[in-house]
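The values are calculated or read from the model by the stated rules, or taken from the named source; none is laboratory data. Only a predicted model underlies this, so the values are computations on that prediction, with no experimental measurement involved. Cβ placement follows ideal geometry from the backbone for every residue including glycine, while neighbour counts extend to all protein chains displayed. Please note that ligands, DNA and RNA were not included when accessible areas were found on the heavy atoms of the full protein model with its side chains. Shrake-Rupley method; radii C 1.70, N 1.55, O 1.52, S 1.80 Å.
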Amino acid sequence: TIFYEDDADMSILNEKTIAIIGYGNQGRAQALNMQDSGVEDIIVGNRSDDSRKQAREDGFEDYDIAEAAERADIIFLLIPDEVAPGIYQEEIEPGLEAGNTVNFASGYNITYDFIEPTADLDTIMVAPRMIGDLVRELYEEGDGAPSMIAVNQDYSGNAQETALALSKAIGSTRSGVIEGTFEMETKIDLLTEQALIPLFFNAIAAKYEIEREAGIPGEVILLEQYLSQEMAHIFEVMGTDGFIGQLPLHSQTSQYGQMSRAEAYNREEMKSYMRERLREIETGSFAREWTNEQQAGYPMLNRLYKEFGDTEMIQKEQETIEKLGLGDE
Ligand code: NDP
């Protein structure tokens, strides 16, 4: 099911205090959008003074996380997934009352039972499919970021109505709200990150390597690949016109080349790689690995940053960005 403006009624939010826990990327964008949508009682709970000051300047009352959670009827959990379980248990849960709503922006912590809400709560998800800056920017343009909503616990009997009302308040029903589940959100999110992006990265790196072998300068390859932003533009048009719809932007030589070679490509190997990633996500083995990594102080993540940074392609990329002043725009 896809929901639009007429499917949501914000009056269910009347008389409710909404606490934004974590005034970061999503927190600030969603709070400002709801404020502009006419939601009256929004407060912010944040750890640091800097973000609290920003919240105050934006017109919200600011509190420590525990106090904001205690004051609110609806709690938006908009802190990083890695820290959310600890903060939830220590600072949020003690202040919750029966009938309160906890609104997640990702499925991760519920899917893997890292957060286990008591049964007397509504637990819902409104997960924008967009980074925070764009959640705000699109809203200001009169549009909205699409979201996936889900209901995990429906203590009040109104959990879905609340999720829809919140989606409307942040602008998502303007473009469409898809109904899913916490598990579904976790799967598509992690699979994009762990199956699609690694293949995409390796495809770019492989092309770079064979073109270097053919004597083509690194900066020429990288400009063609993504530094010119031509690729970003193609993806943008794909988002509005679809894959076939964007083909006429290219020459006929290009159209023939793209489709004939895509058809001939055997994607079975790719699929079996992706199925392995899906299995790690479904069994929770990735989540366990990532928890262990956090507890160990991120040794692998630090090594990966260093190793990726040391490759010729990435060094050439940084050089080209600097030479052409691309980052200054
Ligand atoms: P951010 O990294 O922007 O969130 C930072 C916020 O969390 C800040 O308010 C920060 O406080 C607070 N925070 C960070 N660490 C701690 C801590 N140890 N204790 C208390 N507060 C802390 O997160 P996002 O907005 O990116 O993500 C929030 C949620 O939204 C996540 O569930 C994420 O999965 C989801 N989401 C994110 C999207 C994205 O594109 N980024 C898209 C859709 C969903 P301070 O200001 O004091 O540093």
Largest first, what is the accessible-area ranking of Arg52, Arg129, Arg47 with a 1.4 Å probe?
-> Arg47, Arg129, Arg52
When you have a sec, figure out the Kirkwood radius of segment 2-180 from all distinct Cα pair distances and drop it here in Å to one decimal?
-> 15.7 Å
Could you state the angle between the C-alpha long axis of helix 159-170 and the longest principal axis of the C-alpha atoms of the chain, as a value from 0 to 90 degrees rounded to the nearest 10?
-> 60 degrees
If every Lys and Arg gets +1 and every Asp and Glu gets -1 at its Cβ, then about the Cα centre segment 2-180 yields a dipole, in debye to the nearest 20, of 340 debye
Between Glu312 and Glu82, Cβ-based FRET efficiency (R0 41 Å, step 0.05) works out to 0.80
In order over segment 319-327: 3J(HN,Hα) from phi, Karplus 6.51/-1.76/1.60, θ = phi - 60°, whole Hz, x for each Gly or Pro, gives 4, 5, 4, 5, 4, 8, x, 5, x
Going by accessible area, probe 1.4 Å, with all protein chains left in place, what is the ranking of His250, His233, largest first?
-> His233, His250
By how many degrees, between 0 and 90 and to the nearest 10, does the Cα long axis of helix 252-264 differ from the longest principal axis of the chain?
-> 80 degrees
Contact order normalised by residue count of the chain, Cα under 8 Å, 6+ apart, percent = 15 percent
How would you classify segment 170-253 from its alpha-carbon gyration tensor, with a ≥ b ≥ c the square roots of the eigenvalues: rounded for a/c under 1.5, else prolate if a/b is greater than b/c, otherwise oblate?
-> oblate
For segment 2-180, which whole-number percentage of the solvent-accessible area (1.4 Å probe, protein heavy atoms only) is attributable to carbon and sulfur atoms?
-> 40 percent
For helix 268-283, report the angle its Cα long axis makes with the longest principal axis of the Cα atoms of the chain; keep it between 0 and 90° and round to the nearest 10°.
-> 20 degrees
Beyond 23 Å, what share of the Cα-Cα pairs of the chain remains, rounded to the nearest whole percent?
-> 66 percent
Within segment 240-263: backbone nitrogen closer than 14 Å to the Leu199 label point (7 Å, Cα to C-beta) = 262-263
Average accessible area per residue (Å²) across the chain - probe 1.4 Å, nucleic acids and ligands excluded | 56 Å²
Cα shape, segment 1-50, gyration tensor, a/c 1.5 rule = prolate
For the chain, with only Lys/Arg (+1) and Asp/Glu (-1) charged at the beta-carbon, what is the dipole magnitude about the Cα centre, in debye rounded to 20?
-> 980 debye
